Amino acid sequence: MLNKYLDIAPEVKAALDAGKPVVALESTIISHGMPYPQNVETALNVEKLIRDNGAVPATIAVIKGRLKAGLSEAEIDYLGKTGHAVPKASRRDLPVLVAQGRDGACTVTTTMIIANLAGIKVFATGGIGGVHRGAETTMDVSADLEELAHTPVMVICAGAKSILDLGLTLEYLETHGVPVIGYGTEELPAFYTRKSGFKVDYELDTPAELAKAFHVKQEMGLGGGMLVTNPIPEEYSMDADAINKAIDEAITDAKKQGIHGKETTPFLLAKIKDLTGGDSLNSNIQLVYNNARLAAKTAAELASLAKN
Ligand code: PSU
Ligand code: MN
């Protein structure tokens, strides 16, 4: 049993046992997604926001070979300081990292796996992986999509960056039966911008509606996850032309340098950050806060549905 390798933090365990709302958070965004010290500050602020909105945060990572649901401040600081030296851990990485007692920064995939093991239903992050541009030849499709197909966790994000092929990403999710919900929007947000030109499957407008749809999906025995896309607040959204120019340049650079495999996403994200300066980092931080607030409220609605 994977559970043999799982440690649930006492506060998280107590909340789960009492049927109180808990929100999972990933750690790749800490070690690989943002520079130190903003990564640690953001991770701690996100935890605080979740508490302020009535839920208990559970940041998820692999520490010394243990699957952790809920980290201490010292562990979050360690993951942020150590940065890229913490291996990015997707599903295929767990066996060796755990066997060797190593650390791992959890992606959306492994955060969903560990959240589900712990009994956590709602997970907030920034962006998810998807079908990369050119995937028809590279076959670079993020394991995040496969996990959404199988693992019953609601993932609340700000859509996907157009480093991905958003059209193909939506096709993949449709094939695998993953509902893609727009929170207060009919259009798929593209992380830094509120619009992408693509439609979501359904618009839902309240945390209660999100919770009910997910609850019904599980009760019907359909299994698998649900993707909620929450647009970045207007005041922090970026100019579409500027961001798309940076994305195109980053993709050209990655091709030139022969970047591939698990390095692709972190390379593109870092490059875009360099090209757009502090602007994109601040937008990134604000959209994560926005998703954390929505996740806490939705987890509370879900917890009350589960009691009935
Ligand atoms: N997209 C973002 N920010 C991120 C990631 C993706 O805009 O931080 C991270 C997440 O942890 C996601 C992972 O699960 O990258 C996907 O990596 P890959 O494409 O290699 O599956
Ligand atoms: Mn990939």
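Structure summary
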read-out	value
Test: K217 is in contact with an Asp or Glu (Cβ under 9 Å, 6 or more places away or on another chain) and at pLDDT 95 or above	no
Members of region 230-263 that are within 15 Å of ligand 1 (Cβ to nearest atom) and farther than 15 Å from L287 by Cβ	N244, A246, I247, A250, I251, A254, I259, H260, G261, K262, E263
Residue pairs meeting the criteria (Cβ under 6 Å; at least 6 apart or on separate chains; first touching a residue at least 60 places away in the same chain (Cβ under 8 Å) and in the same structural domain as L204 (by TED's automatic domain parsing), in region 292-304; second surrounded by 20 or more Cβ atoms within 10 Å (Cβ to Cβ) and small (G, A, S))	A292/A124; A295/A124; A296/A55; T298/A211; A299/A55; E301/A211; L302/A211
When residues of region 125-144 are limited to those that are free of Cβ contacts under 8 Å to residues at least 60 places away in the same chain and near ligand 1 (Cβ under 9 Å from one of its atoms), the one surrounded by the most Cβ atoms within 10 Å (Cβ to Cβ)	D144
Residue satisfying all of: in region 3-59; in contact with a strand residue (DSSP E or B) (Cβ under 7 Å, 6 or more places away or on another chain) and of a type in the set (S, T, N, Q); surrounded by the most Cβ atoms within 10 Å (Cβ to Cβ) among these	S27
Pairs with Cβ under 7 Å, 6+ apart, first in region 253-272 and farther than 19 Å from A85 by Cβ, second within 9 Å of ligand 2 (Cβ to nearest atom) and β-branched (V, I, T)	A254/T264
Any hit, region 115-124, residues being on the phi > 0 side of the Ramachandran plot and more than 14 Å from the chain's Cα centre (by Cα)	yes
Candidates L148, L170 - the one that is within 16 Å of ligand 2 (Cβ to nearest atom) and either in contact (Cβ under 8 Å) with a residue 60 or more places away in the chain or under 17 Å from the mean Cα position of the chain (by Cα) (or both)	L148
Single unsatisfied condition, F267 versus (1) of a type outside the set (S, T, N, Q); (2) touching a Phe, Trp or Tyr at 6+ places or on another chain (Cβ under 7 Å); (3) at pLDDT below 95	(2)
Wholly enclosed helices (runs of 4 or more DSSP H) of region 1-119 bearing at least 2 residues farther than 30 Å from I272 by Cβ and among the acidic types (D, E)	10-17
Tally, over region 145-161, of residues that are assigned to a helix (DSSP H, G or I) and away from ligand 1 (no atom under 13 Å from the Cβ)	2
Residue among L210, L227, L204 that alone is within 16 Å of ligand 1 (Cβ to nearest atom), at pLDDT 95 or above and of a type outside the set (V, I, T)	L227
Only one of L268, L287 that is buried (at least 16 other Cβ atoms within 10 Å of the Cβ), within 16 Å of ligand 2 (Cβ to nearest atom), assigned to a helix (DSSP H, G or I) and not assigned by TED's automatic domain parsing to the domain that holds T28	L268
Test: residue in region 162-173 that is within 16 Å of S27 (Cβ to Cβ) and within 10 Å of ligand 1 (Cβ to nearest atom)	no
Residue within region 85-96 that is surrounded by 21 or more Cβ atoms within 10 Å (Cβ to Cβ) and within 21 Å of T42 (Cβ to Cβ) present	yes
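Here's the yes/no breakdown for (1) surrounded by fewer than 19 Cβ atoms within 10 Å (Cβ to Cβ); (2) more than 21 Å from D165 (Cβ to Cβ); (3) over 15 Å from the mean Cα position of the chain (by Cα); (4) of a type in the set (A, V, I, L, M):
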site	(1), (2), (3), (4)
V216	yes, yes, yes, yes
E234	yes, yes, yes, no
D253	yes, no, yes, no
A292	no, yes, no, yes
E301	no, yes, yes, no
S304	yes, yes, yes, no
K307	yes, yes, yes, no
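The values are calculated or read from the model by the stated rules, or taken from the named source; none is laboratory data. Owing to the predicted nature of the structure, the values given are computational and were not obtained by experimental measurement. Here Cβ is always computed from backbone atoms with ideal geometry, including for glycine, and neighbour counts include all displayed protein chains.
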